[in-house]
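Quick notes on the structure that follows.
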Amino acid sequence: MAELITVTDPDDPRLSDYTGLTDVELRRRREPAEGLFIAEGEKVIRRAVDAGYAMRSMLLSAKWFDVMRDVIDTTPAPVYAVAPELAERVTGYHVHRGALASMQRAPLPAVGALLGPESGDVRRVAVFEDIVDHANLGAAFRNAAALGVDAVLLTPRCADPLYRRAVKVSMGSVFHVPWTRLESWPGDLGLLRAAGFTTAALCLSERSITLDELVAHGYEKLALVFGTEGDGLTPQALGAADCHVRIPMDAGVDSLNVAAASAVAFYATRVS
């Protein structure tokens, strides 16, 4: 059972996991290298623990002691009690949720293991190419969890789904959708094809079919491929995909935000 450890010095090295949380570039480099990520808020912390991630430490203000008592009592990790003002000095922002936890990352599975028979009946996969906005990626993961996507694949330059903002926007859904990062793009689309998936690129092109037409084909295994904000999918990815798919629009709108588009596509292609 962990005991509350009161910390009053913002430079205390025991709080180093939480320093500079608003420095995106620093955290993007540091967190994967050190094998950690930050969970913010009661629900997200609980979901990370329930998903099996090991806790490195927890940072709490006084009003959260009772709320998080069951977690405190069952974690072997240190729990640091701090004043809200000190938490703000350490993290760089007002921690209005009052509860942070540093969690240990788990090794990412190989693509083959994620798509293979040992992973169960994987029939629908989402592929995100070079999405850089953490909020968009977090929302897309939440959509994937809510609408029954079996796995998510990220290209090498895609944002980190375990970055604090992505985790927060996903409400911890990123912990419950199997995912991994591709090593070669778009060459790794061949791994999907070898596993029996039809790859469908969401885009506007002369050869695109409508989402309804895609659904009517009834592909047994389907990988939906989404491009980055603004530019969409790269020409290389479009050339490697099996088919192009568009979501029909009204009122002169040509496209949706990538998170919104993923929700529409996931819902339309859901497996009964």
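Worth a mention:
- Contacts under 6 angstrom Cβ, first residue in the stretch 1-22 being surrounded by 10 or more Cβ atoms within 10 Å (Cβ to Cβ), partner among the aromatic types (Phe, Trp, Tyr), 6 or more apart: ILE5/TYR80; VAL7/TYR80; THR22/TYR93
- Put simply, of ALA135, ALA77 the only residue that is in contact with a Ser or Thr (Cβ under 8 Å, 6 or more places away or on another chain) and of a type outside the set (Ser, Thr, Tyr) is ALA77.
- Among the residues of this structure, PHE197 does not count as one that is touching a helix residue (DSSP H, G or I) at 6+ places or on another chain (Cβ under 7 Å), under 20 Å from LEU115 (Cα atoms) and either free of Cβ contacts under 8 Å to residues at least 40 places away in the same chain or open to solvent by less than 80 Å² (accessible area, probe 1.4 Å) (or both).
- Evaluation of SER262 against (1) surrounded by 15 or more Cβ atoms within 10 Å (Cβ to Cβ); (2) farther than 21 Å from ALA135 by Cβ; (3) polar (S, T, N, Q) (one fails), failing number: (2)
- Residue match in the stretch 53-66 (condition: more than 18 Å from GLU3 (Cα to Cα), modelled with pLDDT of 95 or more and either open to solvent by 60 Å² or more (accessible area, probe 1.4 Å) or in contact with a helix residue (DSSP H, G or I) (Cβ under 9 Å, 6 or more places away or on another chain) (or both)): yes
- Hey, THR269 β-branched (Val, Ile, Thr), open to solvent by 30 Å² or more (accessible area, probe 1.4 Å) and at pLDDT 95 or above or not: no
- Count of the stretch 207-236 residues, restricted to those that are in contact (Cβ under 8 Å) with a residue 60 or more places away in the chain, closer than 21 Å to PHE141 by Cα, buried (at least 16 other Cβ atoms within 10 Å of the Cβ) and of a type outside the set (Lys, Arg), is 8.
- Scan of the stretch 242-259 for residues that are of a type in the set (A, V, I, L, M, F, W, C), within 17 Å of GLU129 (Cα to Cα) and either in contact (Cβ under 8 Å) with a residue 40 or more places away in the chain or touching a strand residue (DSSP E or B) at 6+ places or on another chain (Cβ under 8 Å) (or both), ordered by number: CYS243, VAL245, VAL258, ALA259
- Annotation: of all residues in the stretch 90-147 being open to solvent by 50 Å² or more (accessible area, probe 1.4 Å), in contact with a strand residue (DSSP E or B) (Cβ under 8 Å, 6 or more places away or on another chain) and aliphatic (A, V, I, L, M), the one that is nearest to THR228 (Cα to Cα) is VAL132.
The values are calculated or read from the model by the stated rules, or taken from the named source; none is laboratory data. In this text, all values refer to a predicted model and were calculated from it rather than measured experimentally. Neighbour counts run over all protein chains shown; Cβ positions are idealised from the backbone, glycine included. Calculation scope for accessible area: heavy atoms of the full protein, side chains included, ligands and nucleic acids excluded. Shrake-Rupley method; radii C 1.70, N 1.55, O 1.52, S 1.80 Å.
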